[in-house]
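Written below as structure tokens is the structure these notes are about.
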Amino acid sequence: MPTYRLLIEYEGTKFAGWQTQAHGRTVQGVLLDTLRGLTGERGLDLQGAGRTDAGVHALGQVASLRCRRPLDPRKLLRDLERELPADLAVLDLSPAPKGFHARHDAEARAYRYQIATRRSAFGKRVSWWVAENIDTDAVAHAAAAFVGRHDFRAFARRARGVESTIVEVEGCEVAVSGGCVMVRTVASHFLWNQVRRMVGALVTVGRGDAEPSHVPLWLSGRASAPLLAAPAAGLFLEAVRYPGTVWRLPLLEPIGLPFRT
């Protein structure tokens with residue numbers, strides 16, 4: 001079956017997540033309906049690298065599309081630009097190797113979270129406004145403690161049927177710019193709600209309600225991790241890495257927030 005790779009961007013506010021549901025508007029559902037109408041094929045297989053939840057955004061979601069007959073990628077991309085709603089865009093569409101699967105073949109994913117340090121009229125959809133002062137140095141030290149191979153059971157809402165809760169976190173960096181604290185986390189995969197729970201723990205540290213040294217205790221189960229989960233609105237699936245590809249992550253600058261010094 002011909003296989004294609006899609007690079008996708010979406011503003012997740014009005015989506016009930018990536019995965020098709022019986023009820024609710026989803027990214028996968030809207031894309032499939034549009035692709036079926038454009039190609040005339042009902043049996044399309046569309047799989048995403050990250051199953052983002054309701055309200056979560058994507059800067060670089062990757063999907064694999066399998067169909068019965070070859071498509072014209074350039075024409076289909078132009079047609080998608082015309083037909084897709086304003087909060088969903090396919091940035092690139094190209095042939096992929098036979099058997100390519102966006103989720104199974106991915107070797108790492110990067111998520112970004114935005115914490116607004118001031119109230120903004122534009123920020124509700126793309127950030128979490130934390131009114132209290134945040135000690136960003138403490139947040140950075142706590143974030144570094146998440147790096148490595150750990151059991152993230154305490155930071156998952158539910159394992160979603162996954163047997164192992166072990167996750168290899170390659171990096172967890174913190175940047176501050178224009179009244180925004182940004183947290184980027186890179187890992188092989190993520191458990192359900194893991195990033196949002198990690199950010200909630202980092203904010204707990206930033207507020208002074210915990211210490212960076214508590215992170216290893218939470219990971220080991222020697223102390224109860226904070227139950228605070230950051231809102232979905234501030235979370236972006238930033239990029240997906242595949243074997244043999246060049247991967248350059250963008251600078252950590254605020255998205256959708258007016259710059260303020």
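Worth a mention:
- Packing here is the average count of other Cβ atoms within 10 Å per residue, and on that basis the peptides 111-121, 196-206, 243-253, 19-29, highest first, run 196-206, 111-121, 19-29, 243-253.
- Annotation: lysines with alpha-carbon distance below 20 angstrom to LYS98 (same-chain offsets under eight excluded): none found.
- For GluC sites (Glu not before Pro), the sites in the range 87-167 that DSSP calls loop and that have at most 11 other Cβ atoms within 10 Å are GLU132, GLU163.
- Highest-first arrangement of 46-59, 63-76, where packing means the average Cβ count within 10 Å: 46-59, 63-76
- Cα centroid separation, the range 1-60 to the range 111-137: 28 Å.
- Cα gyration tensor of the chain - equivalent ellipsoid semi-axes, whole Å, descending: 34, 21, 16
- Gyration tensor verdict on the range 50-177 (Cα atoms; rounded if a/c is under 1.5, prolate if a/b is larger than b/c, oblate otherwise): oblate
- ³J(HN,Hα) computed for each position of the range 57-65 - Karplus, 6.51 cos²θ - 1.76 cosθ + 1.60, integer Hz, glycine/proline x: 9, 9, 9, x, 5, 10, 9, 10, 10
- Cross-link reach list, lysines versus LYS14, counting only Cα pairs under 20 Å and skipping chain neighbours closer than eight places: LYS124
FYI, it's all coordinate maths here, none of it is from the lab. None of the values given here were measured: they were computed from a predicted structure. Reconstructed Cβ throughout: ideal geometry from the backbone, glycine too, with neighbour counts over all protein chains shown.
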